[in-house]
Amino acid sequence: LKPLNWYGDDQGSHAMRKKKHGDPSCLLSAAFFGSLGSSFLYGYNLSVVNAPALYIKAFYNKTWIERYGEPIGAETATLLWSITVSIFAIGGLLGALSVSFIIRVLGRKGTLLANNSFAVIAALLLSLGEKAKSFEMLIIGRLIMGVDSGIALSALPMYLGEISPRHIRGSIGQFNSILICLGVFTGQVLGLPELLGQESRWNYLFTFLALPALLQLCVLPFLPESPRYLLMERRDEAGAERAFQRFLGKTDVSEELEEVHAEARAQDNLHTVSVLQLLKGPAVRWQLITIIVTMACYQLCGLNAIWYYTNGILREAGFAENILPYITLSTGAIETLAAIISGLVIEQIGRKPLLIFGFSAMALFFSLLTVFLNFQDSVSWMPYLSYICILAVIASFCSGPGGIPFVLTGELFEQSYRPAAFMIAGTVNWLSNFAVGLLFPFIQETLQTFSFLVFVVVCVSGSIYLCVVLPETKSKTFQDISQSFAKINKIPVPSPGQEMELVLSIKPDTCEKVQDVVKMESSF
């Protein structure tokens, strides 16, 4: 006979299964809506200015004539447009530099929620700039949107890494990459002439920025804060237990709480360290070097530069100008598909193989692209191969390098080091982004079709470094990952006896229990 329960037989057995295996709905909601108001907006802003570029430049010229009675000069127009595009990276750098302080005050979830204010303000400035006849509003809006993205790309991966159980930490972390790619694709779709890519509608492209931010504001307040943050930094064990229970969908979270306690006992300093302390700390030196190298390769591997060539190659292939926006959608679609596949396989394949494969494949296809570009004038079908190489480069990037650097930044550092680590990683990310935008036109002018060989060197160097230095981190605790670097950092790994002494020194009641057990054994 089946035991009676309050739910009835079928519902009761279903509830029992949920308690045993966990209900991931809360965790998935946090990952999706956290990413929607953060990384999605970053991706959207990477592509949204492409479609209305001509209309925005015309608006700048019209405003200039109304103010000064003459058309804007060519050099001034180029300067204003360059500032409009590049100031996004400056804002991102400012956001990355401030994130450590904001997270310390507001926590992970609180930072994501407060960050939405930047997105809403930026949306208002960007969408109302034309009506106010102020191109300054567009430039300031892009700066503020950059600040939003700089904060989001640090706070979100940190939040996702801390709320996820270790066996799916990589998959949950890849929500960041997937939503970036989805944001890029959405910007391309909405920028089509049939939708918002028209002279009378382009400002609505920026109005859309407020929608994901408002959706996050409606959902995220009802989801828990990071349980690791609550336990290790706020000393709120009851709150951490409730957060674990909701995220994992089960009542018994003693194992997860003990894992966090063990990490806390193993740390020399439970207080959040500063950036300067992180830079000086020998215990995390190679973790820091690894993150700097990986994040620099993330930006310097050449994906941003590939967009310079896409439309030109499509024109060489004979595609009409009016269908180029539709063919360009394939880049966003491939990007999103590759990111989703990476998120599905990351826990089976691991972080290290996906990173090495991604950078190595990019180096291969950049090399082939260089060959094809040099022969595209002499062979009629060569531009088609060049375009296939572009799609392959994008897919290779999103298979690993496009999202895993953010996952690794959260995994390679224990709780007290994590905010400072994300601040450094974000700074490297945005400085490298700015450097590519600044230097690539000069590289292109000097090397012409051989300019992609620079990125081949970056990708190969990154692959070699990761192959030699990076340990695999899948399904490991943060403490285990730190110990993986102990040898290369020349930090002695504590023996089991030393670990027991540490535990006993922190928990005196446990020491008394052990002494009682020893006495009982000696009496026999």
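The values are calculated or read from the model by the stated rules, or taken from the named source; none is laboratory data. Everything numeric here is computed off the predicted structure, so don't read it as measured data. We place every Cβ from the backbone using ideal geometry, glycine too, and count neighbours over all the protein chains shown. Remember, those area values only see protein heavy atoms, side chains included, never the ligands or the DNA or RNA. Shrake-Rupley method; radii C 1.70, N 1.55, O 1.52, S 1.80 Å.
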Helix-only [θ]222 nm of the chain, DSSP H runs n ≥ 4, -39500 (n - 2.57) each, per residue, nearest 500: -25000 deg cm²/dmol
- line: Expected vector for the range 278-288, Karplus 3J(HN,Hα) from phi with 6.51, -1.76, 1.60 and θ = phi - 60°, integer Hz, x for Gly and Pro, equals 5, 5, 8, x, x, 5, 10, 4, 7, 4, 5
field: At most 13 other Cβ within 10 Å, DSSP loop - trypsin sites (Lys or Arg not before Pro), the range 39-99
entry: none
query: Which order do peptides 68-80, 88-100 fall in by mean Cβ count within 10 Å, highest first?
result: 88-100, 68-80
query: Could you give me the ³J(HN,Hα) list for the range 165-171, computed from phi with Karplus coefficients 6.51, -1.76, 1.60 and θ = phi - 60°, whole Hz, x at Gly and Pro?
result: x, 5, 6, 10, 4, x, 5
field: Rounded D (µm²/s) - the range 24-223, Kirkwood Rh over Cα pairs, Stokes-Einstein at 37 °C, 0.692 mPa s
entry: 189
- request: Report the local net charge at Ser127: Lys and Arg +1, Asp and Glu -1, summed over other residues whose C-beta lies under 13 Å from its C-beta.
  value: +2
field: Listed pairs Lys250/Lys352; Lys57/Lys133; Lys109/Lys487; Lys280/Lys352 exceeding 23 Å between Cα atoms
entry: Lys250/Lys352; Lys109/Lys487; Lys280/Lys352
task: Report the full-extension gain for the segment Ile491 to Ser378: residue separation times 0.36 nm, less the Cα-Cα distance, to one decimal in nm.
output: 34.8 nm
query: Around Ile163, what is the net charge, scoring Lys/Arg as +1 and Asp/Glu as -1 over all other residues with Cβ under 12 Å from its Cβ?
result: +3
- prompt: What's the extension gain from Val120 to Arg201 if we count 0.36 nm per residue and subtract their Cα-Cα distance?
  reply: 27.3 nm
- prompt: If you put +1 on each Lys and Arg Cβ and -1 on each Asp and Glu Cβ, how big is the dipole of the range 24-223 around its Cα centre, in Debye rounded to 20?
  reply: 500
message: Averaging over every viewing direction, what projected area does the convex hull of the Cα atoms of the chain cover, in nm²?
response: 31.4
query: Gain in length, Cys218 to Arg265, computed as 0.36 nm per residue apart minus the alpha-carbon separation, to one decimal in nm?
result: 13.2 nm
task: May I ask you to evaluate 6.51 cos²θ - 1.76 cosθ + 1.60, the Karplus curve with θ = phi - 60°, for each residue of the range 321-336 and list the ³J(HN,Hα) values in order in whole Hz, giving x for glycine and proline?
output: 4, 6, 9, 4, x, 6, 6, 5, 4, 4, 5, x, 5, 4, 4, 5
message: About the Cα centre, and with charges only on the beta carbon of Lys, Arg (+1) and Asp, Glu (-1), how big is the dipole of the chain? Nearest 20 debye, please.
response: 200
- prompt: Once you put a point 7 Å from the Cα of Ile464 and another 7 Å from the Cα of Asn50, both along the Cβ direction, what distance in nm separates them?
  reply: 3.3
- request: Pull up all non-local amide H partners of Gly129: gap of 5 or more, or a different chain, and H-to-H distance under 5 Å with H placed in the peptide plane.
  value: none
- prompt: With every protein chain left in place, what is the accessible area per residue of the chain in square angstrom, probe 1.4 Å?
  reply: 45
task: Could you check how much of the accessible area of the chain is carbon and sulfur, as a whole percent, using a 1.4 Å probe?
output: 67
query: In the calculated pair distance distribution of the range 269-496, what percentage of Cα-Cα distances lie above 31 Å?
result: 29
Rg/Rh (Cα only; Kirkwood hydrodynamic radius) as it applies to the range 331-449: 1.05
